[in-house]
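See structure below.
Taken together, the values in this text are just the output of simple stated rules run on the coordinates, not laboratory data. Computed from a prediction, not measured in an experiment: that's the story for all the values here. Note: ideal-geometry Cβ built from the backbone for every residue, glycine included; neighbour counts use all protein chains shown.
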Amino acid sequence: MKSIAIFQSDLRVGGIQKALVNVLNEIDYDRCTVDLYLFDEQCFFDLPRHENLRILYLSPYPWLTRLVPFELLRRFAPIKLPEKEYDVAVDFSSYRSDCAAAAIGAKAKKRVMWIHNDVEIKLCNEVKYRILWLFFHKKLAYYDEFCAVSPGIIPGFRRVSGITDKPITSIPNHVDAGEIFRKAELPLQDFAVDESKYNLCSVGRICHQKGYDLLMEMLAEVKKQRDDLRFYLIGDGPDRARLEKQIAELGLTDMVTLLGNQKNPFNYLRQMDGFVLTSRYEGQGIVILEAKALGLELFLAENLEKYNPGLPVTADIPAALASARKKEKRPDDLADYNAAIGRSLSRVLELDT
């Protein structure tokens, strides 16, 4: 039996959190024990239950320590862990210094970090992230291996980190199609789409990265060509008020509906005809695969191709949406996709040895 420690900041609403839940569902607990360490007790998701999966809670660093060089934190404020030896310690967060300090401080034969985003582009786009990077990037030297959620983010990570001699494995996010199909059939009260319209949706955090402001400009163009399209956004975030103002200014209030965060987005998605994503950059975009599983027509911005090889993209989202028509949905259980992920995950976690 292998012994694995996984460190993550929290399991609140978020793509990284959902990705971790999917990893936990994929792990074969007959071959390993897993200690999941969290720094926050709030949980938005349903976690697998198994006697070989333990959840433990640690005290987080104060917020201001994000502006303290990682080397100082590691030396003078180590995270206290139980006296236990692990075969593999995983920093699933990759952002938080307390997760890194715990993963690096754990007694482990191998240390792995997950990379969830296009770090090179994120550094160019986000001042806050550039500042944080200055304080925490030296932690990267302590890991033996890295896992990237798509092959497209690996070259940029190597360039900005300077890490050229350590393995980086592409492990896209596992998608539990069975859970999606099951939850999609659950009854939904107080919401129903107009079946006479083309119903389009997206799921994600309302923030700069996700590019919903770009999408609103595109929908304004589409509205000039058709009045039977309705767009629903599942998610919330720091830019919601700004987005609401933009929707009003563009005259899209009758076309766009913001649904906020939903515990079960799948019974909303089941009613939709299409799914659109116009993110400025991604790591992968797990919501795309969730929409694909339900058979929704995909409208993906051209720049997302490198994060989702093999999925259709378009250089002209407005034109594609203007001509979109209802089609028969063909659900996809993603069996081949998940099988490949399972093999890579087993290798990185050393479950195949």
Quantify how much of the Cα-Cα distance distribution of region 135-177 extends past 14 Å, in percent.
52
If I take every Cα pair under 8 Å that is 6 or more residues apart in the chain, average their sequence separation and divide by the length, what percent do I get for the relative contact order?
16
Please compute the Kirkwood hydrodynamic radius over region 270-353, one decimal place, Å, based on all pairs of different Cα atoms.
14.3
Work out, in µm²/s and without decimals, the Stokes-Einstein translational diffusion coefficient of region 209-353 at 10 °C, 1.306 mPa s, Rh from Kirkwood over C-alpha pairs.
95
What do you get for the angle between helix 127-136 and the principal long axis of the chain? Use alpha-carbon atoms, 0 to 90 degrees, nearest ten.
10
Quick check: the angle from helix 240-249's long axis to the longest principal axis of the chain, C-alpha only, nearest 10 degrees?
20
What residue among GLY204, GLY156, GLY283 has the largest mean-square fluctuation in a Gaussian network model of the chain, using Cα springs under 10 Å?
GLY156
In a Gaussian network model over the chain where Cα atoms closer than 10 Å are linked, find which of GLY105, GLY251, GLY15 has the largest mean-square fluctuation.
GLY251
Taking only Cα atoms and a 10 Å spring cutoff, compute GNM fluctuations for the chain and point out the largest among VAL222, VAL175, VAL90.
VAL222
Return the whole-Å distance between the Cα centroid of region 159-175 and the Cα centroid of region 279-295.
20
Highest mean first, what order results for 259-270, 208-219 on Cβ atoms within 10 Å?
208-219, 259-270
Among HIS137, HIS50, which comes first, second and so on when ranked by fewest other beta-carbon atoms within 10 Å?
HIS50, HIS137
Rg to Rh quotient for region 237-316, alpha carbon positions, Kirkwood Rh:
0.98
Would you please put 325-331, 65-71, 335-341, 18-24 in order of how densely packed they are, using the mean number of other Cβ atoms within 10 angstrom per residue and starting with the highest?
18-24, 65-71, 335-341, 325-331
Viscosity 1.567 mPa s, temperature 4 °C: Stokes-Einstein D of the chain from its Kirkwood Cα radius, in µm² per second?
61
Once the other residues with Cβ under 9 Å from the Cβ of LEU294 are scored (Lys, Arg +1; Asp, Glu -1), what is the net sum?
+1
Whole percent per 10 Å bin, from 0 to the bin with the longest distance: what is P(r) over all C-alpha pairs of region 51-140?
15, 47, 29, 8, 0
Note to self, the chain gives a 222 nm [θ] from helices alone (DSSP H runs n ≥ 4, -39500 (n - 2.57) apiece, / all residues, nearest 500) of -9000 deg cm²/dmol
Residues other than LEU58 with Cβ under 9 Å of its Cβ, Lys/Arg counted +1 and Asp/Glu -1, net out at 0
When Rg is the radius of gyration of the Cα atoms in region 60-204 and Rh is its Kirkwood radius, what does Rg/Rh come to?
1.09
Relative contact order of region 177-333, defined on C-alpha pairs under 8 angstrom at six or more residues apart (%)
28
Cα pair count fraction exceeding 16 Å, expressed as % - region 274-320
27
